[in-house]
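The next block holds one structure in the form of structure tokens; read it before the comments.
The values are calculated or read from the model by the stated rules, or taken from the named source; none is laboratory data. Just so you know, these numbers come straight off a predicted model, no measurement behind them. Positions of Cβ are generated from backbone atoms using ideal geometry, with glycine treated the same way; all protein chains shown enter the neighbour counts. Just the protein is used for accessible areas: all its heavy atoms, side chains included, with ligands, DNA and RNA removed. Shrake-Rupley method; radii C 1.70, N 1.55, O 1.52, S 1.80 Å.
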Amino acid sequence: GGGSLLLVQAISLLLASAGSISAFAPPQSSTVSAIGRRRSTTPLFSAIVPPPEERSDANPSTKFGSPLSDGLKEANRWSIGFLKGTIFDTFFAGEDRAYARFYALETIARVPYFSYLSVLHLYETLGRWRRAKYLKLHFAESWNELHHLLIMEELGGNDRFLDRFLAQHIAFGYYGVVILSYLINPIFAYNLNQDVEEHAFSTYDEYLRENEEMLKGQPAPQAAIDYYIDGDMYMFDEFQTNCEMRRPKIENLYDVFVAIRDDEAAHVETMKTLQTELDVASIHDGECEVDIF
């Protein structure tokens, strides 16, 4: 199945890369967020990666990871494309299968954040590494994906037993694959999830373009209103690591899918940042120049 394919890939590719350690390429210029926050360009890796005890602990990748070759990145993209083509495009074919497809996508999309949290809790328990902000970040990401899932369930995406069976069993296998990947090389795990989130973004974006008129004529699910309008936005803000203060407009079902699509784009940007030596920013920890009141 899909989980077995990813497990074989993770073991073979990650072990193959374990002996090839290279440095992060330092950024060419400062990174400036949309609201003007400037991050330092001082590289946290020297020309040769030092022993683990001398590494920067800015994020899990600088502490435990090794940069990926272009071949490994391409293998990740191929794996996600293969699963999309062989499972999702086949099993969820048809206009009436969109919500079931999104239900399966969101069931699986939550899994990497559970895996990251499991490994980070393990490191903390063993006294190996502790950075609470990454526990909060990955929980905030999983909280966001949970509400995507609740929306799809309210739309009827989980009505069929076979859809639930397939999504849940792929998610179960994927959980183990990501834990193994994250233990061996967190950069690999983040890169794989970047590809998953890019697939999610493009899926929702295509659906919006093809169904705009129909979606604008339907009401927003209550789960979306409870999350985006009436809910506590603290955890929503915490996965906006580019310091953007987003407040989605929710007036109809089209707005809901726009918000979900834009959430996936935010996850992609976070996954990209986590593969570098840059630290992520938290709006509520005073790391962004933004007025939250």
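A Cβ distance below 8 Å, combined with a sequence gap of six or more or placement on separate chains, defines the contacts here; from segment 130-152, residues that are modelled with pLDDT under 95 reach residues that are open to solvent by 30 Å² or more (accessible area, probe 1.4 Å) and part of a loop (DSSP other than H, G, I, E, B) in the pairs ARG131/ASP57. Of the residues in segment 216-237, at least one is without any contact (Cβ under 8 Å) to a residue 40 or more places away in the chain, part of a helix (DSSP H, G or I) and farther than 29 Å from SER282 by Cα. Where the second residue is surrounded by fewer than 16 Cβ atoms within 10 Å (Cβ to Cβ) and of a type outside the set (Ser, Thr, Tyr) and the first is without any contact (Cβ under 8 Å) to a residue 60 or more places away in the chain and lies in segment 89-109, which pairs have Cβ atoms under 8 Å and are six or more apart or on separate chains? Pairs found: TYR99/GLY156. Across segment 258-283, the qualifying residues are those that are part of a loop (DSSP other than H, G, I, E, B) and of a type in the set (D, E, K, R), and the one among them that is nearest to PRO219 (Cα to Cα) is ASP279.
Of the helices (runs of 4 or more DSSP H) lying entirely inside segment 69-139, those carrying at least 1 residues that are closer than 21 Å to ASP57 by Cβ and open to solvent by less than 50 Å² (accessible area, probe 1.4 Å) are 111-125.
The sole residue among ASP232, ASP226 that is of a type in the set (Asp, Glu), within 19 Å of SER142 (Cβ to Cβ) and at pLDDT 95 or above is ASP226.
Once segment 200-209 is narrowed to residues that are of a type outside the set (Lys, Arg) and free of Cβ contacts under 8 Å to residues at least 40 places away in the same chain, the residue that is surrounded by the fewest Cβ atoms within 10 Å (Cβ to Cβ) is GLU206. One residue alone among GLU197, GLU212 is in contact (Cβ under 8 Å) with a residue 40 or more places away in the chain, crowded, with 16+ Cβ neighbours inside 10 Å and acidic (Asp, Glu), and that residue is GLU197. Scanning segment 249-292 for residues that are of a type in the set (Lys, Arg) and without any contact (Cβ under 8 Å) to a residue 40 or more places away in the chain returns a single hit, LYS249. For segment 246-283, the set of residues classified as more than 17 Å from the chain's Cα centre (by Cα) and open to solvent by 60 Å² or more (accessible area, probe 1.4 Å) consists of ARG247, LYS249, GLU251, listed by residue number. One residue stands out in segment 140-164 among those that are outside any helix (DSSP H, G or I) and open to solvent by 10 Å² or more (accessible area, probe 1.4 Å): the one that is farthest from TYR227 (Cα to Cα), namely ARG160.
Considering segment 53-68, and only residues there that are open to solvent by 60 Å² or more (accessible area, probe 1.4 Å) and part of a helix (DSSP H, G or I), the residue that is farthest from TYR182 (Cα to Cα) turns out to be GLU54.
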